[in-house]
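Each remark here refers to the structure printed beneath this line.
The values are calculated or read from the model by the stated rules, or taken from the named source; none is laboratory data. This structure is a prediction, so every number in the text was calculated from the model and none was measured. Positions of Cβ are backbone-derived with ideal geometry, glycine not excepted, and every protein chain shown enters the neighbour counts. Just the protein is used for accessible areas: all its heavy atoms, side chains included, with ligands, DNA and RNA removed. Shrake-Rupley method; radii C 1.70, N 1.55, O 1.52, S 1.80 Å.
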Amino acid sequence: MITLRNEHVDWLMIRQALSLSLYTGKPCSITGGFPWLMANPGFRGLMSDFENIFAETGFASLTVEGDDVLCVPGEGRFGNFRFATHQQSSAIEVLLLLLPLLSAQEFRSKLEIRGVTHSGLSHPTSFIKETLLEILEKMGFFASCTLRRFGFTGSLGGEIESRIYPAEMSKIDLSGRVDITGIIGARVYISGLDTIHAEREKTLLKEKAGVPEGSVSIMQIIDADGPGNIIEVYYGTSLVPMVISYMVPVHDSDGAMVFNDDAVEAAMNELGHRCNNFRMKKLVPETVFREILPYAVLTGSPVEIPGGYQKAAETLSLIEDFLR
């Protein structure tokens with residue numbers, strides 16, 4: 001039984017522990033996992049989706065014993081799967097949960113996941129397609145991510161499709177350092193909201209993140225489920241294109257509207273911080289680095305944790321617990 005202790009827990013570590021449990025066949029216990037979910041209600045929909053998917057597929061079972069959440073793996077298999085997410089959940093998190101397991105199967109699998117495609121709880125589809133899956137392909141993990149329809153938090157009608165192929169593992173050098181060749185461009189996606197906010201975000205991208213206005217496209221999404229607003233900046237690097245993004249909150253977890261000028265300003269400040277930090281440090285952002293780590297360790301790739309990446313070091317320790 002692999003134990004993930006509460007003092008080190010965040011959602012990414014919980015999801016990765018469940019993924020590794022499925023992949024290795026080793027049960028895991030998330031110590032204090034139930035109180036953590038109670039204290040972080042935004043993630044309850046995700047865990048509920050995982051529980052339903054495990055029950056439907058037989059991949060695992062999730063149970064609560066006291067304050068702990070236990071995952072006992074079942075039997076993995078390839079196939080064509082269709083899932084639906086909670087309206088406060090994320091289709092991308094389902095894909096990331098199952099990607100290691102399905103990569104280890106003998107034949108291709110297909111996932112069709114309906115619900116929230118763009119959630120503040122996870123990455124946007126552009127990042128998955130343009131950045132993460134491109135990096136994983138260099139290590140022999142082959143998968144696609146196709147956006148069928150935008151679905152924002154609070155919706156049920158978005159959809160992604162993913163095809164996951166048997167892995168053919170190969171090593172890469174994962175130090176986290178990259179050379180940045182420049183800004184490829186930026187996009188402001190907006191749905192069901194006044195486009196005056198998108199025009200303001202376009203101006204703020206220059207002020208906050210140094211993105212020339214001529215490099216910014218505004219994409220008004222007509223066929224989307226629910227209102228939403230996400231900003232993405234694309235950097236060319238020596239590794240793969242790097243997508244730095246931020247989802248502007250439109251509703252809170254209770255469904256109340258929180259989208260306003262202050263929310264836009266706060267979002268642009270955070271996005272600007274992320275972009276400037278990436279440009280100055282020339283390091284793969286820590287969250288991205290942590291997403292890559294399990295695959296790098298599985299392939300035997302040499303891994304160097306950048307200084308200050310404490311969560312990445314904790315993630316590496318968790319991976320080693322499962323694989324030793």
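Against the chain, whose longest principal axis is taken from its Cα atoms, helix 310-323 shows a tilt of about 30°. In terms of packing, defined here as the mean over residues of other Cβ atoms within 10 angstrom, the peptides 60-67, 265-272 line up highest first as 265-272, 60-67. Considering helices alone, the calculated mean residue ellipticity of the chain at 222 nm is -11500 deg cm²/dmol, with DSSP H runs of length four and up weighted by -39500 (n - 2.57) and normalised per residue. If you take all other residues with their beta carbon under 12 Å from the beta carbon of LYS311, and give Lys and Arg +1 and Asp and Glu -1, the sum is -3.
For the chain, the share of accessible area belonging to carbon and sulfur comes to 48 percent (1.4 Å probe, ligands and nucleic acids excluded). Seen from LYS171, the other residues with C-beta closer than 15 Å to its C-beta sum to a net charge of -3, counting Lys and Arg as +1 and Asp and Glu as -1.
For the chain, the longest principal axis of the Cα atoms and the long axis of helix 44-57 meet at an angle of about 50 degrees. Relative to the dominant Cα principal axis of the chain, helix 11-24 is inclined by about 40°. The relative contact order of the range 188-324, computed from alpha carbon pairs under 8 Å that lie at least 6 residues apart in sequence, is 19 percent. Of all aspartates and glutamates in the structure, those lying under 12 Å Cα to Cα from LYS281, and not within fewer than 8 positions of it along the same chain, are ASP179. A 1.4 Å probe run over the chain, with the rest of the protein chains in place, finds 42 Å² accessible per residue. For the residue pairs LYS26/LYS110; LYS282/LYS311; LYS208/LYS282, the alpha carbons lie more than 23 Å apart in LYS26/LYS110.
Each semi-axis of the equivalent ellipsoid for the range 78-195 is √(5λ) with λ an eigenvalue of the Cα gyration tensor; in descending order they amount to 25, 22, 10 Å.
Relative contact order of the range 15-172, taken over Cα pairs closer than 8 Å and 6 or more residues apart, is 21 percent.
Separation of the range 1-44 from the range 187-204 is 36 Å, based on Cα centroids. Per residue, the average separation of C-alpha pairs within less than 8 Å and at least 6 apart gives the range 141-248 a relative contact order of 31 percent. By the Cα gyration tensor, the range 232-279 has an equivalent ellipsoid whose semi-axes, rounded to whole angstrom, run 27, 12, 7 from largest to smallest.
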